[in-house]
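Inspection log for the structure reproduced underneath, given as structure tokens.
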Ligand code: BDR
Ligand code: CA
């Protein structure tokens, strides 16, 4: 299996992606590094530990906290989308006897810093290591700023962020992860590390409906299918109220799926940058799609996903998350 680090901001679709990784024989999860994004970094770490305690209580990997805020911008969270705790407000769920369905944990994250965890894994596994980035890119940009040579040795970063052809989600121009920390995203983009970008273009082609989640729970009532139904409630209600379908997009699970099976997507090698200063377009990911074959000044820096085999992806998701 491929050694991987998951870098995450602890939200609802991050949790689904984490479950995929834990159940995938293709991935050897070395550590989970956490940062601020959907929610404060402490709560994000707590959310990751909660997911682990439900899905994989006997194999707790390293969970290390990293950046508390973006490199330059002020923090901006998504509690309105993922719930006040970033994970569907799990404290609301009670068992028949009134006790909490998801009790508060007594375990703590590692005392190691996420940036050190990332750099020591880069040294240990070199080009075998893949990092799957499911939140803003602040931790990875900080690791690059600290030791670019070591980071350049890693195999690939698979990024959930940005988009090539569609507008944004959190603003008209920008996808959430790039909007939160555009400066970090641009540092990663120009790092020279092999990158795969899983953007909104492809993520929006693979929605998960409420109906599927509920049917799954009825068919296979387990602790995990119950957790999936519970943690996605608020998140799916957001899409019902704002986008007119009762379900959610599987942004982060799709990035995980691409790590597991790159043949699920078609990609194009592109030169991409991220807008850091825009008045209306902060966080916009801009792909140069002009035919500039004679211009060698800006060689492609990203393998950007343009399409996904939705049927195969949802089948993989179902196999790894719901069964
Ligand atoms: C991204 O933003 C976050 O809210 C999700 O977890 C995902 O990583 C989608 O734009
Ligand atoms: Ca995320």
*Considering each residue of the stretch 99-121, count those that are farther than 26 Å from residue 77 by Cβ and crowded, with 20+ Cβ neighbours inside 10 Å, and give that number.*
1
*Inside the stretch 122-150, can you point out the residues that are surrounded by fewer than 24 Cβ atoms within 10 Å (Cβ to Cβ) and under 22 Å from residue 262 (Cα atoms)?*
122, 125, 126, 127, 128, 129, 130
_Subset of the stretch 180-209 [out of contact with any strand residue (DSSP E or B) (no Cβ under 8 Å at 6 or more places or on another chain), within 16 Å of ligand 2 (Cβ to nearest atom) and part of a loop (DSSP other than H, G, I, E, B)]_ = 181
_Residue that is nearest to the chain's Cα centre (by Cα), among those in the stretch 147-168 that are modelled with pLDDT under 95 and within 13 Å of ligand 1 (Cβ to nearest atom)_ = 168
*So, of the residues in the stretch 220-252 that are without any contact (Cβ under 8 Å) to a residue 40 or more places away in the chain and within 16 Å of ligand 2 (Cβ to nearest atom), which turns out to be nearest to residue 14 (Cα to Cα)?*
236
_Which numbered condition residue 137 misses (of (1) away from ligand 1 (no atom under 16 Å from the Cβ); (2) under 13 Å from the mean Cα position of the chain (by Cα))_ = (1)
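For the stretch 6-28, what are the residues that are more than 16 Å from ligand 1 (Cβ to nearest atom) and in contact with a strand residue (DSSP E or B) (Cβ under 6 Å, 6 or more places away or on another chain)?
Start the filter on the stretch 6-28 by keeping residues that are more than 16 Å from ligand 1 (Cβ to nearest atom), which leaves 22-28.
Selection gives 27, 28.
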*State whether one or more residues within the stretch 65-86 are more than 16 Å from ligand 1 (Cβ to nearest atom), over 20 Å from residue 161 (Cα atoms) and over 14 Å from the mean Cα position of the chain (by Cα).*
yes
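Name the helices (runs of 4 or more DSSP H) wholly within the stretch 63-156 that hold at least 3 residues that are in contact (Cβ under 8 Å) with a residue 40 or more places away in the chain and closer than 23 Å to residue 44 by Cα?
Numbers: elements: 79-82, 114-125, 138-146, 148-151.
Of the helices (runs of 4 or more DSSP H) lying wholly inside the stretch 63-156, those with at least 3 residues that are in contact (Cβ under 8 Å) with a residue 40 or more places away in the chain and closer than 23 Å to residue 44 by Cα span 79-82, 114-125, 138-146.
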_Restricting to the stretch 206-216, name every residue that is surrounded by 17 or more Cβ atoms within 10 Å (Cβ to Cβ) and modelled with pLDDT of 95 or more._
208, 210, 213
*asked:* Between 121, 163, 148, which is closer than 30 Å to residue 203 by Cα and in contact with a helix residue (DSSP H, G or I) (Cβ under 7 Å, 6 or more places away or on another chain)?
replied: 163
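Can you give me the ranges of the helices (runs of 4 or more DSSP H) entirely in the stretch 222-323 with at least 3 residues that are surrounded by fewer than 20 Cβ atoms within 10 Å (Cβ to Cβ)?
On the way: elements: 223-231, 233-243, 251-260, 310-317.
Once the helices (runs of 4 or more DSSP H) in the stretch 222-323 are filtered for at least 3 residues that are surrounded by fewer than 20 Cβ atoms within 10 Å (Cβ to Cβ), what remains is 223-231, 233-243, 310-317.
The values are calculated or read from the model by the stated rules, or taken from the named source; none is laboratory data. Predicted model, so just to flag it, every value in this text is computed and none were measured. Positions of Cβ are generated from backbone atoms using ideal geometry, with glycine treated the same way; all protein chains shown enter the neighbour counts.
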